[in-house]
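Notes to accompany the following structure.
The values are calculated or read from the model by the stated rules, or taken from the named source; none is laboratory data. Remember, it's a predicted structure, so these values are computed and weren't measured experimentally. All Cβ positions, even for glycine, are placed from backbone atoms using ideal geometry, and neighbour counts span all protein chains on display.
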Amino acid sequence: MAQLWGGRFTKETDRLVYRFNASISFDKRFYAQDIKGSIAHVMMLARKGIINDTEKEKIIAGLTGIMEDVEEGRLKITDKYEDIHSFVEAVLIERIGSAGKKLHTGRSRNDQVALDMKLYIRDELLIVDRLIEELLYAVLGIIEEHLETYMPGFTHLQKAQPITLAHHMGAYFEMFKRDHERLRDIYKRMNTCPLGSGALAGTTYPLDREYTAKLLGFDGPSLNSIDGVSDRDYLIEFLSALSMIMMHLSRFSEEVIIWNSNEYQFVELDDAYSTGSSIMPQKKNPDIAELVRGKTGRVYGSLNALLVTMKGIPLAYNKDMQEDKEWTFDAIDSVKGCITLFAGMLRTMQFRKERMKESAKQGFTNATDAADYLVNRGVPFRDAHGIVGQLVLTCIERRIALDELPLEEYKRISPVFEEDIYDAISLGVCVSRRTTTGAPGPEAMEKVLEVYRKYMEEYETA
Ligand code: ARG
């Protein structure tokens, strides 16, 4: 065990205490961000004359060497050190000698860890955002292909009104679009640099915080040093955005599972994205969708854990905050894996158009249209509703669809019906007449599709 303190202590830390306290097993993940932050810090120290140029060159060369050696696997990050910050500093001093001891001038691990985590989250946020982009493209592909693929739309998981697959997918496009925008909002709000906040009260060195912030791509330095070291809001916002992504993926998964069931058979999952059973030879299970649904709980758990951890922490830094990392890392890994696999499953999934159309036909999804037919011929809607209700009952008794009921039966219940009722309640007409913005009619969908295409062209990825 290698420690950063000693002067004030007369005993070594107990072994168990040391292990309990250590974070290297997980914060080694952001070694690159730690080194990048240190390089910017050193450049600023030299610019302000706090260290000289020779020292700066030596430290930067040393840090760059450490970065390369870790990346190439020549230097192992071991748990001999408490955390990644002590590891980098100790190796630096070992390699370049006393100049290395100046690295930590005007800095505390409190503002250092705040910086590292922000840099790491910024990078990961952009990776998640890029995966959302891929997912949006996968959904867009289905929309483009299925503007006239009919299916029942549901409420209460009961067939409600006819829609198209494109329209149904459009709902998911909207959800993932909002996810993208949420990530962007978070990025903007979190993009201030905590470095220079020191332990909590800034430093007495003449640091140029604006310069460090600029070097690291921040919009500027954070404006309160206490908040600089103790703010974890952006993590909670990020975990909340990740939870929302998972909620969307989970609802989508649930639908894929239902659509893939023997009763529905709306979709056929690709063999590469499904699994078999060890005992039942006929099985082809939607495990990916189920796992995505399952992992949603895990990501919600991270959000909840961090909210609870943060609720009682007095200002400024407290060690409780070290707990932010494992939850966040686990959530990021889960979400990245889920989006990637889900998008793959979606791209390879086949839709059984005939089956979906048949299902839309069978569930009286055109009952509202039959009522509208009467309304257009002067019958008050409430009466029309009752009349069609009776028709539906007759059809249920006879096990037929509204389209199959003879005209005399229609007329028996209401003389207003004429031969053109069959056209009015045909699936194609029911859908295509829904032309208001946001509705499933292909004409309305085409316009929305144009907006979506443009949206994707302008998708900000940098
Ligand atoms: N490993 C610590 C964390 O993740 C780094 C900051 C340590 N600061 C301190 N005062 N002990 O929060």
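Tabulated results
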quantity	calculated
Condition met for D320 (within 16 Å of the ligand (Cβ to nearest atom), charged (D, E, K, R), at negative phi and surrounded by fewer than 16 Cβ atoms within 10 Å (Cβ to Cβ))	yes
All helices (runs of 4 or more DSSP H) inside region 31-121 with 3 or more residues being under 30 Å from R184 (Cα atoms), among the hydrophobic types (A, V, I, L, M, F, W, C) and modelled with pLDDT of 95 or more	31-47
Check on K80, within 16 Å of the ligand (Cβ to nearest atom), more than 15 Å from L195 (Cβ to Cβ), among the charged types (D, E, K, R) and more than 32 Å from the chain's Cα centre (by Cα)	yes
Residue list for region 11-24, filter: surrounded by fewer than 16 Cβ atoms within 10 Å (Cβ to Cβ) and either among the hydrophobic types (A, V, I, L, M, F, W, C) or within 11 Å of the ligand (Cβ to nearest atom) (or both)	L16, V17, F20, N21
Residue in region 92-104 that is within 15 Å of the ligand (Cβ to nearest atom) and hydroxyl-bearing (S, T, Y) present	no
Pick from region 152-204, criterion of a type in the set (G, A, S) and in a helix (DSSP H, G or I), ranking: surrounded by the most Cβ atoms within 10 Å (Cβ to Cβ)	A166
Residues (farther than 24 Å from R130 by Cβ and without any contact (Cβ under 8 Å) to a residue 60 or more places away in the chain) located in region 439-459	G441, E443, A444, K447
Residues located in region 99-152, provided they are touching a strand residue (DSSP E or B) at 6+ places or on another chain (Cβ under 8 Å) and among the aromatic types (F, W, Y)	Y150
Region 67-85 residues that are of a type outside the set (F, W, Y), paired with ones that are surrounded by 10 or more Cβ atoms within 10 Å (Cβ to Cβ) and not in a helix (DSSP H, G or I) (beta carbon under 6 Å, 6 or more apart)	D69/L75; K80/A2; E82/A22; D83/S23
Qualifying residue in region 303-315 (condition: more than 16 Å from the ligand (Cβ to nearest atom) and buried (at least 18 other Cβ atoms within 10 Å of the Cβ))	yes
Positions within region 107-150 being small (G, A, S) and away from the ligand (no atom under 16 Å from the Cβ), in sequence order	A138, G141
Only one of L391, L374, L346 that is at negative phi, in contact with a Ser or Thr (Cβ under 8 Å, 6 or more places away or on another chain) and crowded, with 17+ Cβ neighbours inside 10 Å	L374
Near pairs, Cβ below 6 angstrom, 6+ apart or cross-chain, from region 308-321 (in a helix (DSSP H, G or I)) to any residue that is among the acidic types (D, E) and surrounded by fewer than 19 Cβ atoms within 10 Å (Cβ to Cβ)	T309/D320; T309/E323
